[in-house]
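K.L.:
Pasting in a structure now, in structure tokens, and then I'll have a few things to ask.
The values are calculated or read from the model by the stated rules, or taken from the named source; none is laboratory data. Keep in mind the model is a prediction, meaning the values are calculated, not measured. Glycine also receives a Cβ, built like all others from the backbone with ideal geometry; neighbour counts cover every protein chain displayed. All accessible areas refer to the heavy atoms of the entire protein, side chains included, with ligands and DNA or RNA removed. Shrake-Rupley method; radii C 1.70, N 1.55, O 1.52, S 1.80 Å.
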Amino acid sequence: MIRRAVVKGIGHYLPERVVPNAEFEKTLETSNEWIVARSGIERRHFAAEGETTSQLATHAANAALAMAGMNAEDLDAIIVATSTADHTFPSAATMVQTAIGNTTGF
């Protein structure tokens, strides 16, 4: 039997705090126009104090599960790709696994 990975739902989450480019004009020698012309970025979402990468990923995972009509126990794997993990060990994926209630251990 051939096993294949199938995406059944997708989710995303943006932190509540929105930081427009104008915020950077206060402390840097820049302007909204300069930033947008070079990067296309108009605003950013900043995580709240103490809000971790795994917490952000958990929100996204719950949204993906809802879209797919699945629960955490239906998953065969959780992959979190980030350069800003909460800790070096354990991985952010295991923290998301725990937070969404998956106890299968894969």
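K.L.:
Kindly indicate whether any position in the range 73-90 is loosely packed, with under 11 Cβ neighbours inside 10 Å, closer than 18 Å to Gly11 by Cα and touching a Gly at 6+ places or on another chain (Cβ under 9 Å).
P.N.:
Checked the range 73-90: at least one residue is loosely packed, with under 11 Cβ neighbours inside 10 Å, closer than 18 Å to Gly11 by Cα and touching a Gly at 6+ places or on another chain (Cβ under 9 Å).
K.L.:
Before we move on, is Arg38 more than 14 Å from the chain's Cα centre (by Cα) and loosely packed, with under 10 Cβ neighbours inside 10 Å?
P.N.:
The answer is yes for Arg38.
K.L.:
Right, here's the next one. Determine if the range 54-62 includes at least one residue that is open to solvent by less than 80 Å² (accessible area, probe 1.4 Å), β-branched (Val, Ile, Thr) and either part of a loop (DSSP other than H, G, I, E, B) or modelled with pLDDT of 95 or more (or both).
P.N.:
Taking every residue of the range 54-62 in turn, at least one turns out to be open to solvent by less than 80 Å² (accessible area, probe 1.4 Å), β-branched (Val, Ile, Thr) and either part of a loop (DSSP other than H, G, I, E, B) or modelled with pLDDT of 95 or more (or both).
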